[in-house]
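The values are calculated or read from the model by the stated rules, or taken from the named source; none is laboratory data. In this text, all values refer to a predicted model and were calculated from it rather than measured experimentally. Cβ sites come from the backbone with ideal geometry, for glycine too, and all protein chains shown count toward neighbours.
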């Protein structure tokens with residue numbers, strides 16, 4: 001197994017969250033919430049603990065596919081292999097992230113990350129406890145089959161997560177235009193976390209925003225987003241946040257068994273009677 005870069009980064013996360021929190025409290029008090037911050041940190045630690053098991057399972061599956069089905073043998077000592085791995089991982093993350101917003105089954109885990117109504121570095125560590133155990137890594141399974149070694153994949157996944165940490169802030173405005181055009185930035189990711197109808201289901205990028213530009217999911221940050229969910233969770237209980245959408249999904253299935261597949265694999269917000277609306281439906285209403 002590769003070194004756990006996320007674990008080594010925890011002291012940096014703690015210090016930077018504290019420094020940003022002090023700045024926000026002194027300069028912009030309405031943008032910091034101590035209870036919300038502690039909830040994010042609790043969910044982050046829960047993610048680390050659950051990952052001890054779930055990420056091991058994921059790694060075993062990657063190794064099995066690599067040992068038995070890999071098509072090519074990519075040289076880990078070659079610089080170009082790491083360049084290919086970077087793009088392959090970032091491409092895979094884009095599609096994972098996109099489907100995590102478009103398929104309720106994956107959204108049930110990813111919703112945790114969007115549950116804060118604040119946007120700061122603490123929000124970055126607000127992570128799911130159920131993502132890996134519910135097979136969110138299926139979007140990466142092609143990589144060991146092609147020939148990327150499991151250690152390479154696991155390292156690149158951690159690099160992606162580390163990069164995305166710093167973009168969860170309002171203390172950085174728009175950056176150098178060429179950088180904004182190619183890479184994911186705080187501005188792009190603020191729009192992604194917006195619950196405003198125009199911002200819903202946009203800017204799925206991990207490191208490179210070019211995927212959103214290529215596949216038609218990019219939006220420029222214009223107005224300051226309203227952070228959180230269309231319907232906020234209204235709790236700081238990390239357990240309720242971690243499992244709330246799974247419980248709601250179960251209730252929908254039990255109440256409407258004929259619509260089981262749609263309630264599990266349909267778009268978040270889908271309802272058989274139109275009592276709720278998906279992001280696409282809300283955006284269509286906005287255009288009309």
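Among the residues that make up the stretch 154-162, is at least one of them more than 30 Å from residue 21 (Cα to Cα), part of a helix (DSSP H, G or I) and out of contact with any strand residue (DSSP E or B) (no Cβ under 8 Å at 6 or more places or on another chain)? Checked against the condition, which is being more than 30 Å from residue 21 (Cα to Cα), part of a helix (DSSP H, G or I) and out of contact with any strand residue (DSSP E or B) (no Cβ under 8 Å at 6 or more places or on another chain), the stretch 154-162 yields at least one hit.
Close contacts from the stretch 50-68, counting a first residue that is more than 26 Å from residue 125 (Cβ to Cβ) and a second that is at pLDDT 95 or above and surrounded by fewer than 20 Cβ atoms within 10 Å (Cβ to Cβ), with Cβ to Cβ under 6 Å and a gap of 6+ residues or different chains, come to 65/145.
Mind checking which residues of the stretch 8-51 are surrounded by fewer than 12 Cβ atoms within 10 Å (Cβ to Cβ), modelled with pLDDT under 90 and part of a helix (DSSP H, G or I)? 8, 22, 26, 27, 29, 30, 34, listed by residue number.
The helices (runs of 4 or more DSSP H) found wholly in the stretch 197-269 and carrying at least 3 residues that are in contact with a helix residue (DSSP H, G or I) (Cβ under 7 Å, 6 or more places away or on another chain) occupy 238-255, 260-265. Within the stretch 130-148, the residues that satisfy the criterion of being in contact with a helix residue (DSSP H, G or I) (Cβ under 7 Å, 6 or more places away or on another chain), surrounded by fewer than 21 Cβ atoms within 10 Å (Cβ to Cβ), outside any helix (DSSP H, G or I) and touching a residue at least 60 places away in the same chain (Cβ under 8 Å) are 130, 132, 133, 141. Please go through the stretch 254-288 and pick out each residue that is within 19 Å of residue 134 (Cα to Cα) and either touching a strand residue (DSSP E or B) at 6+ places or on another chain (Cβ under 8 Å) or surrounded by 15 or more Cβ atoms within 10 Å (Cβ to Cβ) (or both). Of everything in the stretch 254-288, those that are within 19 Å of residue 134 (Cα to Cα) and either touching a strand residue (DSSP E or B) at 6+ places or on another chain (Cβ under 8 Å) or surrounded by 15 or more Cβ atoms within 10 Å (Cβ to Cβ) (or both) turn out to be 262, 263, 264, 266, 267, 268. When you look at residue 205, is it crowded, with 16+ Cβ neighbours inside 10 Å, under 16 Å from the mean Cα position of the chain (by Cα), touching a residue at least 60 places away in the same chain (Cβ under 8 Å) and within 22 Å of residue 128 (Cβ to Cβ), yes or no? Yes: the conditions hold for residue 205. Within the stretch 241-253, being surrounded by 17 or more Cβ atoms within 10 Å (Cβ to Cβ) and more than 18 Å from the chain's Cα centre (by Cα) holds for 249, 252. Pick from the stretch 75-126 the residues that are surrounded by fewer than 23 Cβ atoms within 10 Å (Cβ to Cβ) and not in a helix (DSSP H, G or I): which of them is modelled with the lowest pLDDT? Across the stretch 75-126, the extreme among qualifying residues is 76.
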